[in-house]
Amino acid sequence: MSFSSKQNAIVFILWVAAIISAAMQVSATHWHRQLVAGWQVSEHQHLVLEQDYGRLLLEQSALTAHSRVERIAKDKLQMIEAKDIQVIRSSR
């Protein structure tokens, strides 16, 4: 093999290595962008779930408020407040 053909072979190998390196860089960049996009979707879902959780806490607070429970007990269940309270103990 002459010097020129060795030099051509080295140049060819370097070009192939450069093309492979560029393809790997493009692949890594694409993979990274996919990961970032997935992370952003997850972050958005997290924020939506946090907002739902906050609304549910407010709704639970409103539904379990003592005044509401008392009003429902009186209106719908016709319950009345006890006037005289007696404690009866079991003989067990």
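The values are calculated or read from the model by the stated rules, or taken from the named source; none is laboratory data. Remember, predicted model here, so these are calculated numbers, not experimental data. All Cβ positions, glycine included, derive from the backbone under ideal geometry; neighbour counts span all protein chains shown.
Return a yes/no flag: does the stretch 13-22 have any residue that is among the hydroxyl-bearing types (Ser, Thr, Tyr), at negative phi and at pLDDT 95 or above. Yes.
Contact map, the stretch 73-86: residues that are without any contact (Cβ under 8 Å) to a residue 24 or more places away in the chain paired with residues that are not in a loop (DSSP other than H, G, I, E, B), Cβ distance under 7 Å, separation 6+ or inter-chain. Pairs shown: 79/73.
When the stretch 64-92 is filtered for residues that are surrounded by 10 or more Cβ atoms within 10 Å (Cβ to Cβ) and not charged (D, E, K, R), the ones remaining, listed by number, are 65, 69, 72, 73, 79.
Is at least one residue of the stretch 53-66 assigned to a helix (DSSP H, G or I), modelled with pLDDT under 90 and not hydrophobic (A, V, I, L, M, F, W, C)? Before the answer, list the steps.
So the first thing to find is which residues in the stretch 53-66 are assigned to a helix (DSSP H, G or I), and the list is 53-63, 66.
Those still in the list that are modelled with pLDDT under 90 too: 62-63, 66.
With the extra rule that they be not hydrophobic (A, V, I, L, M, F, W, C), the set shrinks to 66.
Within the stretch 53-66 (the criterion being assigned to a helix (DSSP H, G or I), modelled with pLDDT under 90 and not hydrophobic (A, V, I, L, M, F, W, C)), the answer is yes, since at least one residue qualifies.
Residue-level check: of (1) assigned to a loop (DSSP other than H, G, I, E, B); (2) within 33 Å of the chain's Cα centre (by Cα); (3) among the hydroxyl-bearing types (Ser, Thr, Tyr), residue 91 misses just (2).
State all residues of the stretch 55-76 that are within 24 Å of the chain's Cα centre (by Cα) and of a type in the set (A, V, I, L, M); if no residue qualifies, say none. Scanning the stretch 55-76 gives 56, 57, 58.
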